[in-house]
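Taking it in order: structure first as structure tokens, then the write-up.
Derivation of every value follows stated rules applied to the coordinates shown; laboratory data play no part. Everything numeric here is computed off the predicted structure, so don't read it as measured data. So basically every Cβ, Gly included, is an ideal-geometry build from the backbone, and we count neighbours across all protein chains shown.
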Amino acid sequence: MGAMDPRPLTGEPISVELLNTRWIQDGRWQDLLTSPDGLAIWLASPTVVSELGEHPVHADEPTLAALLRARDGLAALLADPADTAAADAVLARGVLRLAASPQGVVERLELDDLAYYPAWTAVRSHLRLIGDRPDRFRKCANEACVLHFFDISKNGTRRWCSMTGCGNRAKASRHYARTRSGRD
């Protein structure tokens, strides 16, 4: 069995999983993707395994480099939706071809470098998410948190990366402020 995933938030779509490979813990930046070992942990996460399917992916330096380019591209898109250069550079490494099959039309991805498969998949996932529901892709409302999430709640009002983390801290802070002001 591999090493345990240290990230505070998992289970999001693959593009969000990639963005959330950097986080702040105890006031210090953490980064899962500093080595192929961290990449192996990310590749083994259930969401990533599910979204990449049966395609063979290696936790090696070329795949890591491609994912870092994709993560930088996604971060740039979040900061400025017009800044598409890095994301476009990752997408340019592959072409989707439509083909007929007994099941109907299928998409076949052709890549110029197989190391780009996870990166390409993550960028495509991001574009689908913001294309389908741009208002549901969010950064945690906790100003000290850098995590993102895709809100799948029925009413679309999720504000925190997690209620057990940032959500509870916000509730506790509000409660403390109310009880403190009641004493003054």
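The table that follows gives values for the structure above.
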{"quantity": "Where N is the number of residues in segment 4-44, Cα Rg divided by 2.2 N^0.38 Å", "calculated": "1.08"}
{"quantity": "Residue (of Ala100, His126, Leu111) at the positive-pole extreme of segment 93-139, dipole from beta-carbon charges", "calculated": "His126"}
{"quantity": "Sites excluded, GluC sites (Glu not before Pro) in DSSP loops with at most 14 other C-beta within 10 Å, longest stretch of the chain", "calculated": "55-142"}
{"quantity": "Separation between Cα centres of segment 78-119 and segment 11-32, rounded to whole Å", "calculated": "23 Å"}
{"quantity": "Lys, Arg +1 and Asp, Glu -1 on Cβ, resulting dipole of the chain about Cα centre, debye, nearest 20", "calculated": "1260 debye"}
{"quantity": "Gaussian network model of the chain, Cα within-10 Å springs - most flexible of Ser101, Ser125, Ser153", "calculated": "Ser101"}
{"quantity": "Relative contact order for the chain, counting Cα pairs under 8 Å that sit 6 or more residues apart, in percent", "calculated": "20 percent"}
{"quantity": "Within a Gaussian network of the chain (alpha carbon springs, distance under 10 Å), most fluctuating of Gly73, Gly53, Gly38", "calculated": "Gly53"}
{"quantity": "Cleavage-rule hits (trypsin sites (Lys or Arg not before Pro)) in segment 65-168: DSSP loop, at most 16 neighbouring Cβ within 10 angstrom", "calculated": "Lys154, Arg159"}
{"quantity": "Relative frequency of Cα-Cα separations exceeding 31 Å in the chain, percent", "calculated": "23 percent"}
{"quantity": "GNM result for the chain, Cα springs below 10 Å: residue of Val95, Val106, Val49 fluctuating most strongly", "calculated": "Val106"}
{"quantity": "Positive-end extreme of charge dipole, segment 1-140 - chosen from Ser50, Pro13, Leu32 (charges on Cβ)", "calculated": "Pro13"}
{"quantity": "Per-residue Cβ neighbour rank within 10 angstrom, fewest leading, Val123, Val146", "calculated": "Val146, Val123"}
